[in-house]
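Report on the structure given below.
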Amino acid sequence: MASDVYSEYETRLPGLLLQRVKEEVPEKTGVRKIRAILDAVCEEYELCKSESGEAVGLIAAQSISEPGTQMTLNTKHFSGVEEMNVTMGLPRIIELVDARKKIKTPSMTIYLASPYNKGKREEVRLLAQMIKETTVEEISEQINVNLADQIVEIILDKERIKDLRLKPASIAKEVKRQISEKNVVSDGSKVIIKVENSSSKSKEVSPIFKLKENLKELVVAGIKGINQVLPIVENGEFVIKTAGSNLKKVLALEFVDKTTTITNDIFEIYAVLGIEAARYSLFEEIFSVIEQQGLNVNPRHLLLVADVMTSYGIIRGITRYGIIKEKSSVLSRASFETPIAHFTKAALAGELDSLSSITENVIVSQVIPIGTGLVDLYMNHKNKKVKDK
Amino acid sequence: MGKEFFDNFVREISFEVLSPQLIKQAATVKVVTPELYDKEGYPVDGGLMDLRMGVVDPGLRCRTCGGRIKECPGHFGYMPLARPVLHVLFIPHIYSLLRSSCKECGKVLITETQTENFEENLKLSEEEAGFFGKMKAVAKLADEVKNVQKCPHCGAKKEKISLEKPYAFLEAGRRLNPVEIRARLEKISDDDLAFFGLNPKTARPEWLVLTMFPVPPVTVRPSITLESGEKSEDDLTHKISDIVRINQRLFENINAGAPEIIVEDLWDLLQYHAGTFFDNSIAQLPVARHRSGAPLKTFIDRIKTKQGRIRNNLLGKRVNFSSRTVITPDPMIDPDEVGVPFQVALKLTSPERVTEWNLEYLKDFLKRGPKEYPGANYLVRPDGKKKKVTDETKEALLEEIQPGYIVERHLIDGDIVIFNRQPSLHKMSMMAHKVRVLPGLTFRINPCVCRPYNADFDGDEMNLHVPQTEEARQEAETLMLISTQMISPRYGLSIIGAIQDAISGNYILTKFLKEVKRSEAVDLLMDADVFDIRKLPLKKAVSGKEIFSVLIPDDFDYSGKTKDRQEPELIIENGKIIKGVMDKANLGEGAGLLLRAINKQYGADFALSFMGTVVRLGIAVLMKYGFSLYISDSEVPQDARVRIDKILKDAENATFELIEKYKNNELEAFPGRTLEETLERKIMEKLNFARSEAEAVVKENINKENNPSLVLALSGARGSLLNLVQISAFVGQQALRGRRIEKGFFRRPLSSFGRDDLGPDARGFIRNGFKQGLRPHEFFYAAMTGRDSLMDTALRTPKSGYLYRRLSNSLQDIYVKSDGTVRASSGIVVQFAYGEDGIDVAKSIGGTIDVHSIVQKVLSKGD
């Protein structure tokens, strides 16, 4: 059986490569031929393997930075009308590599579960509206203040609430939850708030107006943090792009495809889906920038950066507070930034630098332990005598 | 690493705080006077330039080790301080020590149970986040202890201690003097120090208060003798003399029983000088200055920043045996060669050890001396003594030379040198070349290695280094030679490719030259240094493709794409071009698989020499048939002109229509966009569309037969069709930050337009071509975008430079271990196989293995 032949090679070839061979080999190929092909691929694979001691880290750093000098600084979306504003280019790469907790333009791509993804445009638009953070001001026609009775009256926009599948009662409940007033009732298409603590007979009117202003900003529907929504068609299905991000809440929605919906906020992915997901999305985010700039960089280099950043189970930035802080060598840390702080701390703790990485050995003019510096050659003096005879 | 076999290895460096005892022990002199020299200009005993602390004057000998200048490493001195002072760099640490310990019993202000918890906690946080995690835990402890009222051990009342910057500690409003502080720190037991992350063996807390001042060796602060014979002292010497002077006065005043206020004042002054000796940029303190007003550069200034000791001297070192000059192109030398001027070859030398077999050969160099090329500049004896070769010493040295000596001979053809152009952004910025000594004053390189260096010839300069040991030479040759660097580890394709003339020449050859007289063809090939012309068909007239095929090995098969519309496929069978042309898609850097395939099949050396021949052939073609640009290249016939005008009119009308719609509120906004944004986007779309329409018209109507401008663009040698359109049709919309131009005056970009004019003209649409000439406002708009892109470059360079520094600093110690895993030098596994499959990009084809062609190859073999 042909499949048995392939499984024989499982230990010798990476899965993806084996898969590609399977795809390339025509169906009715004899077992002997397949074996010959696989042997040839194995041979080639062995030739292509990276050599021991190769400084892959530095190569990755160079492969990202060298094209980095060609990247544009102020790119935000260029063509295409239906796009969200997202930071791109060098600033985005810096943001990712820094592992910034607050990114400039958080954005989500929400895929919809079937049947919603193939639904009508109008339906999708409504779904999108439901996700969007909605304030009282957006769903009301008017907010009236009745000073005499100390009443604030929200006259709701009937059409809008119907679109958003909201009910006056539920809005009233939500408003009540968020402000510290007890007398909040709904009446028809109105929400009436009776301000109770008119305790002070002072002629101060500002509290009630202040309440009115606060009410305007009150989020009563949608998901917090999602500021803008844009339903678009991508590969024949509806996708909602957003500005602002809240992965946890969005994934909880029933009409969302939980397997594909993503955000560009790495920390959110880390919090919701864990470190492996964060690692991969970090890689994908960097890769998408490089690709969008039309640069040719092998994904391996970006993958290595993502792996290094997440190798401790948390996301560490490539900064003096992140990865570099955790280097074991004092000299290595000191030579990057803030040398004085590192030296004083090292002295107090009595740290020992065992000269195990690059920078320290450069400082003391020794061979660096990488590449050809990893190997040494010794001659056995005893054997020399035998030869001399 | 074999360190166990040799003594001259640094194995470890430990960091400690100097104790007063150690300072005294390590010192050779007690410094007692601020004087430097006596009347004769001889260093004073017990002064700051005491000869026992080392020498900086040539001719003098160190009185401690007997070494001369450069031999003596320098020795410390010491000076007991009249009153202790705080070490400014440790102020925060002293603060946390004082705050968290009892002033009576010296114990940490936490209960026994807390202690246990803390120890556990400390261990945990150290495991988790290393030393800094520990420090964090300590800081947390200090925070907890801050509010303790009473010592849980001895019941003594705890007063609040505050730090008044820069270095005054106040306890309940009263200032603690360093003597008191030191006494308290002494009380803290060794066991308790663990709470603060201090190692009692290397840092007792009382050592942070200086009682003994270490005077750095003279070699650390050398004095400079000016031309006038006047001596100028180092900043540190000035600072130390301040300290010595004040210290003496303090001693005298205390001994004389001066009033407390005077003593305190002097004490404070001593603290100031001792503080600024270490750090001259403490906040809230006046900067110590020279008499001229320039701030003194003290210890920290020497270490810190890019110009400091670490980054400038320890990580970056100056080298000898190097040269720098302007580069110019020379297609006639091989890509792995570098043309070196005679003058340079006379100065730079390569050491060669004399053996009995090369004695006569090296004697020849010596005979010619330093002035005649190729000669020798130095002879090194086995004991390391270097002798300069001059016309006078030549004869004597020739007598003396024998096996074991080293001759430093002039650079000759074939020597391996390392060539570099800054900024050195990737490893291909430093490659090894073979020397080719040439007349002229510039370094010469083959234009096809411009790419990896990112060099051009508008005045670029490059550096050349001559390796000085056999190991270095060998390593350069096997790891850095151009042929080993051809495949970029960034994308797995050839980074060395034809550029400019080499591309357009071969394009013309393979596309237009259908019939070339055989004699002419032979001429071309000879010009390209191809002498094996058996492959050239024995016909009266041969085609360009047949000429190019001569360069290709007989058993080479290839199929790929070209940029050409008429011949989009390139097919090579049995070393002959069957179909297709040579252009950037095949010969260019980083594009196409042709170069990669040749490299794979015939090896890097062949690929490189192939590249060299291709370059020469391309240039030979242009030389033979001529190639030049004309203004008429960009001329379009009248009817095309009319069509372009119509395109312009249409686009402008469409824009006005949109504006009209917008004004009448008939425009529908895109979802998530405002009306204005929608309008802008629609207009941009219309105007940009106009340019692509114009491009089609120009392409159709331009004089196509051998139009050199078109050849340049279509072959990919330089420029694009867009450039041509901007010359002959119109320049088009100028975009600033992805929008039309809107900034400038109040509600209008330029004062020659009305307010809120949204029309194409007012918002940076240029309706003229470069040939017609731009109107003033159009010129201005073009300048605006030009300036913006200049700014962009200027701002981007330092940003990406910093990114590179950070990336390389944090990833530099990551390597593939012998078991195939990717690890950091600490041993932590980053990946189990590099890139998850272990494939080295530089050995792959475009980052992967070409499974398809392997399968095809095996299948086609038959049984």
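General observations
- Test result for residue B:782, touching a Leu at 6+ places or on another chain (Cβ under 7 Å), of a type outside the set (Lys, Arg) and modelled with pLDDT of 90 or more: yes
- Checked against (1) buried (at least 19 other Cβ atoms within 10 Å of the Cβ); (2) under 21 Å from residue B:595 (Cβ atoms); (3) not assigned by TED's automatic domain parsing to the domain that holds residue B:435, residue B:535 passes all but a single condition, namely (1).
- Restricting attention to segment A:116-143, the residues being without any contact (Cβ under 8 Å) to a residue 24 or more places away in the chain and under 16 Å from residue A:218 (Cα atoms) number 4.
- Helices (runs of 4 or more DSSP H) contained entirely in segment A:88-180, each with at least 1 residues that are among the charged types (D, E, K, R) and at pLDDT 85 or above: A:89-98
- Taken over segment B:280-333, the criterion of being basic (Lys, Arg), within 14 Å of chain A (Cβ to nearest Cβ) and not in a loop (DSSP other than H, G, I, E, B) is satisfied by B:302, B:309, B:311.
- The condition of being more than 23 Å from residue B:721 (Cα to Cα), more than 33 Å from the chain's Cα centre (by Cα) and among the hydrophobic types (A, V, I, L, M, F, W, C) holds for only one of B:617, B:594, B:570, B:608, that being B:617.
- The residue that is farthest from the other protein chains (Cβ to nearest Cβ), counting only those in segment A:283-306 that are among the polar types (S, T, N, Q) and crowded, with 17+ Cβ neighbours inside 10 Å, is A:293.
- Among residues of segment B:841-855 being within 7 Å of chain A (Cβ to nearest Cβ) and in a helix (DSSP H, G or I), the one that is nearest to residue B:492 (Cα to Cα) is B:841.
- Any hit, segment B:798-815, residues being closer than 30 Å to residue B:698 by Cα and crowded, with 18+ Cβ neighbours inside 10 Å: no
- Unmet requirement for residue A:338, which otherwise passes all of (1) β-branched (Val, Ile, Thr); (2) facing another protein chain (nearest Cβ under 7 Å); (3) at positive phi: (2)
- Of residues in segment A:307-321 being out of contact with any Asp or Glu (no Cβ under 9 Å at 6 or more places or on another chain) and not hydroxyl-bearing (Ser, Thr, Tyr), the one farthest from the other protein chains (Cβ to nearest Cβ): A:315
- Within this structure, residue B:626 passes the test of being closer than 22 Å to residue B:719 by Cα, surrounded by fewer than 18 Cβ atoms within 10 Å (Cβ to Cβ) and modelled with pLDDT of 90 or more.
- Residue tally, condition part of a loop (DSSP other than H, G, I, E, B) and among the hydrophobic types (A, V, I, L, M, F, W, C), over segment A:24-65: 2
- Residues that are assigned to a helix (DSSP H, G or I), without any contact (Cβ under 8 Å) to a residue 60 or more places away in the chain and closer than 13 Å to residue B:617 by Cα within segment B:517-538 comprise B:521, B:522, B:526, listed in sequence order.
- Among the residues of segment B:163-172, those that are closer than 18 Å to residue B:85 by Cα and either in a strand (DSSP E or B) or without any contact (Cβ under 8 Å) to a residue 24 or more places away in the chain (or both) comprise B:163, B:164, B:168, B:169, B:170, B:171.
- Residues (surrounded by 19 or more Cβ atoms within 10 Å (Cβ to Cβ) and under 40 Å from the mean Cα position of the chain (by Cα)) located in segment B:384-405: B:389, B:405
- If you go through segment B:741-776 and keep only what is in contact with a Phe, Trp or Tyr (Cβ under 8 Å, 6 or more places away or on another chain) and either assigned to a helix (DSSP H, G or I) or charged (D, E, K, R) (or both), you end up with B:755, B:761, B:762, B:767.
- Residue check for residue B:17: of a type in the set (Val, Ile, Thr), under 26 Å from residue B:275 (Cβ atoms) and either modelled with pLDDT under 85 or over 42 Å from the mean Cα position of the chain (by Cα) (or both): no
- Top-ranked residue in segment A:368-380 [being part of a loop (DSSP other than H, G, I, E, B) and more than 8 Å from every other protein chain (Cβ to nearest Cβ); ranked as modelled with the highest pLDDT]: A:368
- Of the residues making up segment B:813-823, those that are more than 7 Å from chain A (Cβ to nearest Cβ) and either farther than 13 Å from residue A:51 by Cβ or part of a helix (DSSP H, G or I) (or both) are B:821, B:823.
- Number of the condition not met by residue B:288 [criteria: (1) within 36 Å of the chain's Cα centre (by Cα); (2) modelled with pLDDT of 85 or more]: (2)
- Across segment B:539-594, the qualifying residues are those that are of a type in the set (Lys, Arg) and in a loop (DSSP other than H, G, I, E, B), and the one among them that is farthest from residue B:488 (Cα to Cα) is B:540.
- Top-ranked residue in segment B:417-439 [being hydrophobic (A, V, I, L, M, F, W, C) and not in a strand (DSSP E or B); ranked as nearest to residue B:453 (Cα to Cα)]: B:428
Residue-by-condition table, conditions (1) among the polar types (S, T, N, Q); (2) touching an Asp or Glu at 6+ places or on another chain (Cβ under 9 Å); (3) within 8 Å of chain A (Cβ to nearest Cβ):
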site: B:778; (1), (2), (3): no, yes, no
site: B:784; (1), (2), (3): no, no, no
site: B:793; (1), (2), (3): yes, no, no
site: B:797; (1), (2), (3): yes, no, yes
site: B:802; (1), (2), (3): no, no, no
site: B:836; (1), (2), (3): no, no, yes
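- Exactly one residue among B:810, B:826 is part of a helix (DSSP H, G or I), farther than 20 Å from residue A:48 by Cβ and within 9 Å of chain A (Cβ to nearest Cβ), and that residue is B:810.
- Under the condition of being part of a helix (DSSP H, G or I), surrounded by fewer than 21 Cβ atoms within 10 Å (Cβ to Cβ) and of a type in the set (Gly, Ala, Ser), the residues counted in segment A:323-348 number 1.
The values are calculated or read from the model by the stated rules, or taken from the named source; none is laboratory data. These numbers were taken from a predicted model, which means no experiment stands behind them. Note that each Cβ is placed from the backbone with ideal geometry, even for glycine, and that neighbours are counted across all protein chains shown.
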